[in-house]
1. Taking the highest mean first, how do the peptides 21-34, 3-16 order by number of other beta carbon atoms within 10 angstrom per residue?
2. With every protein chain kept in place and ligands, DNA and RNA left out, what is the accessible area per residue of the chain? Probe 1.4 Å, answer in Å².
3. Against the longest alpha carbon principal axis of the chain, how many degrees, from 0 to 90 and to the nearest 10, is the axis of helix 30-49 turned?
4. Among (1) 5.6; (2) 4.6; (3) 4.2, which one is mean projected area of the Cα convex hull in nm² computed from these coordinates?
5. How much of the accessible area of the chain, probe 1.4 Å, is carbon plus sulfur, in whole percent?
Amino acid sequence: MSEYTKLMLRLPTEAKSFVAREARRNGSSQNSEIIRCIRERMEKLQAERMPEMAGK
């Protein structure tokens, strides 16, 4: 099981609206959408920094 920690987060209004819209569109929670965005960014950075490890 994954370990979780709480984070108080302040977002600009337009970012909050985007997250809410994407959550509705995908049938998920706003929390899940934020996590998805962070994971996508993490994967992108990892691929840029370690191209030989990309896709593994």
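1. Details: 21-34: 13.1, 3-16: 7.6.
Result, highest mean first: 21-34, 3-16.
2. On a per-residue basis, 98 Å².
3. The answer is roughly 20 degrees.
4. Looking at mean projected area of the Cα convex hull in nm² for this model, the match is (1).
5. 55 percent
The values are calculated or read from the model by the stated rules, or taken from the named source; none is laboratory data. This is a predicted model, so every value here is computed, not measured. In this analysis, Cβ positions are derived from the backbone assuming ideal geometry, glycine residues included, and neighbour counts consider all displayed protein chains. For the accessible areas, the whole protein counts, side chains as well, though only heavy atoms, and no ligand, DNA or RNA atoms are used. Shrake-Rupley method; radii C 1.70, N 1.55, O 1.52, S 1.80 Å.
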